[in-house]
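The structure appears below as structure tokens.
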Amino acid sequence: MEMGLKQAQVLILLVLASMLAVGMADKNIASTKRWNYGFNYTDWYAKHLNGTVGSQRIIVGGSENWHFGFNYTDWALKNGPFYLNDTLVFKYDPPVDNSSHPHSVYLLPNFWSYLNCDLSRAKRLADVTQGGGEGFEFRLMRWQPHYFACGESNGFHCDKGLMKFFVMPLFRRWHG
């Protein structure tokens with residue numbers, strides 16, 4: 001038992017030492033502007049943070065709206081990033097008769113549920129009638145991944161109809 005503990009301590013020490021070595025590499029403050037008080041300032045924020053002020057109202061799927069057979073995961077990747085306080089608008093036709101294929105909006109609890117279209121622990125956000133007119137609106141209020149899917153036909157729309165996507169809202173740039 002004691003030998004295993006000692007090996008774990010050595011492993012942790014090696015990992016910490018290597019992290020310190022990588023972090024201190026090329027830290028010549030006089031010769032480079034990349035380092036400033038121990039933080040590597042790059043232009044990451046300029047490329048990834050939105051310079052606009054205020055939240056956006058984004059129609060899910062753009063002109064395609066929310067329907068079977070459209071790849072919403074691809075849409076989200078191409079239309080992101082999304083930001084805190086942005087509003088996602090789900091527009092879909094309410095059912096008109098028994099032959100129509102209704103849609104809904106569910107929030108899945110985790111990535112595994114998203115991958116497998118497992119709706120067993122999902123929360124219904126909007127039923128089949130709430131997508132008509134101006135659509136159903138969901139505001140991104142938390143800095144966490146949000147996994148959305150259509151919950152109709154026991155996950156068939158999510159899985160085969162590609163009616164699922166996820167977003168991880170970012171913080172907007174502060175203006176002062």
_Selection within segment 147-156 - open to solvent by 10 Å² or more (accessible area, probe 1.4 Å) and modelled with pLDDT of 95 or more_ = 147
*Can you give me the number of residues within segment 58-82 that are surrounded by fewer than 13 Cβ atoms within 10 Å (Cβ to Cβ) and within 24 Å of residue 132 (Cβ to Cβ)?*
3
_Answer from 81, 94 - the residue that is over 19 Å from the mean Cα position of the chain (by Cα) and under 18 Å from residue 61 (Cβ atoms)_ = 94
*Any residue at all in segment 102-110 that is on the phi > 0 side of the Ramachandran plot, surrounded by 18 or more Cβ atoms within 10 Å (Cβ to Cβ) and not polar (S, T, N, Q)?*
no
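The values are calculated or read from the model by the stated rules, or taken from the named source; none is laboratory data. No experiment lies behind these values; they were computed from the predicted model shown. Because the Cβ atoms are built from the backbone with ideal geometry, glycine has one as well, and the counts that use them run over all protein chains shown. Only protein heavy atoms, including side chains, enter the accessible area calculation; ligands, DNA and RNA are left aside. Shrake-Rupley method; radii C 1.70, N 1.55, O 1.52, S 1.80 Å.
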